[in-house]
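Presented below is the structure to which this report refers.
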Amino acid sequence: MNKPSEVILIQTLGVPRELVQQRFAEILPGHALVWKGSELAGGKPLTEMMGSAKYLITGSLPIDGQTIRNCALSMISISFTGYDHVNLAACREKGIAVYNTPGYSTDSVAELALGLALSLLRSIPRGDAHARQTGEKFYAFPDGVELKGKTVGIVGTGATGLAAAKLFAAFGCKVLGYNRVKKEEFEKLGGTYCSMDDLLKNADIVSLHLALNAETKHIMNAERIAKMKPSAYLINTARGGLIDEAALAQALNDGKLAGAGLDVFGSEPPAQDNPLLTAKNTVLTPHLGYKTQEALLRKLEVTFRNIADFEKGIETNRVA
């Protein structure tokens with residue numbers, strides 16, 4: 001009897017262990033899932049944990065070139081959309097395939113973008129705190145603003161940007177888009193492409209849906225923030241590095257912007273002196289855009305199916 005191929009799991013997948021084991025057995029019969037998270041937490045070197053295993057499942061843990069060159073892996077399945085924390089060059093040198101899990105949280109992130117916008121327009125977090133007060137001031141709360149009829153600028157019309165555009169359009173919003181390549185699907189839902197400057201000038205809500213790279217880092221700098229309406233709101237559920245946080249905090253505190261809804265930060269967790277933690281009119285969440293039961297289950301299944309695909313020679317999610 002052949003020994004089952006070991007699949008080393010070093011980080012939690014955010015799903016109950018019983019379900020992880022069940023789906024693993026269904027998708028990868030003849031393989032053995034080996035849990036190594038406790039050894040990682042105990043400081044054991046990654047190369048020792050992997051041993052002679054062919055497959056590794058990881059999340060956001062950085063894996064450097066030295067680790068890769070000293071392992072016996074054939075394939076790494078990253079249970080995460082981003083993959084720049086794994087040394088791909090070393091993987092290519094060693095002939096190790098790397099797959100990621102794109103698209104698992106598209107709807108979850110888009111829904112949070114909409115939720116942050118509604119939270120800002122209706123001051124929901126402050127309203128919750130206010131409602132817990134008693135006495136005559138119960139009804140003394142500032143008027144909110146309707147979402148219907150507003151102009152929403154979607155910066156980046158990839159899968160998540162498109163999903164967000166559909167949600168805002170369903171609420172009766174006019175949707176503008178900025179993207180390097182125009183997408184027919186965006187235009188079919190009634191969206192209009194325009195320049196970045198025109199989007200910032202006309203949008204009541206600007207929602208960011210870009211990858212972070214050298215070109216997009218601080219794309220929302222002081223100059224671009226200043227082009228937004230003083231009554232506008234900025235939403236970011238993509239990557240914290242897209243925004244110059246000091247410039248945004250300054251604009252909020254100076255009344256140059258109505259508010260900001262942020263799920264991501266330049267460094268996470270944000271430092272206690274991050275100016276956005278004390279800036280006016282913000283709704284902040286702890287990078288939970290992807291964190292829904294449905295998205296985590298999809299992530300789990302794609303992570304396992306990547307290994308099955310690799311064994312079949314299918315390279316749909318292969319990044320190296």
Exercise for the section: Would you be able to tell me the number of residues in segment 1-56 that are assigned to a helix (DSSP H, G or I), polar (S, T, N, Q) and at pLDDT 85 or above? Expected result: 3
Practice task
Report whether or not Ser77 is of a type outside the set (A, V, I, L, M, F, W, C), part of a helix (DSSP H, G or I), in contact (Cβ under 8 Å) with a residue 60 or more places away in the chain and surrounded by 18 or more Cβ atoms within 10 Å (Cβ to Cβ).
Solution key: no
Fill in the blank from the handout: Only one of (1) of a type in the set (A, V, I, L, M, F, W, C); (2) within 19 Å of the chain's Cα centre (by Cα); (3) surrounded by 18 or more Cβ atoms within 10 Å (Cβ to Cβ); (4) farther than 26 Å from Lys150 by Cα does not apply to Phe310, and that is (2)
Exercise for the section: Could you tell me whether Arg305 is among the charged types (D, E, K, R) and not assigned by TED's automatic domain parsing to the domain that holds His218? Expected result: yes
Exercise for the section: Look at Ala53 and say whether it is over 15 Å from Tyr99 (Cβ atoms), in contact (Cβ under 8 Å) with a residue 40 or more places away in the chain and more than 28 Å from the chain's Cα centre (by Cα). Expected result: yes
Practice task
For segment 125-138, state whether one or more residues are surrounded by fewer than 16 Cβ atoms within 10 Å (Cβ to Cβ), within 30 Å of Gly172 (Cα to Cα) and in contact (Cβ under 8 Å) with a residue 40 or more places away in the chain.
Solution key: yes
Problem - Residue in segment 86-104 that is in contact with a His (Cβ under 7 Å, 6 or more places away or on another chain), farther than 30 Å from Glu18 by Cβ and part of a loop (DSSP other than H, G, I, E, B) present - result: no
Practice task
Consider Arg122 carefully, then state whether it is assigned by TED's automatic domain parsing to the domain that holds Ala238, within 26 Å of the chain's Cα centre (by Cα) and within 19 Å of Val283 (Cα to Cα).
Solution key: yes
Practice task
Among residues belonging to segment 207-244 that are surrounded by 24 or more Cβ atoms within 10 Å (Cβ to Cβ) and of a type outside the set (A, V, I, L, M), point out the one that is farthest from Thr278 (Cα to Cα).
Solution key: His209
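The values are calculated or read from the model by the stated rules, or taken from the named source; none is laboratory data. Keep in mind the model is a prediction, meaning the values are calculated, not measured. For neighbour counting, all protein chains shown are included, and Cβ atoms are generated from backbone atoms with ideal geometry for every residue, glycine included.
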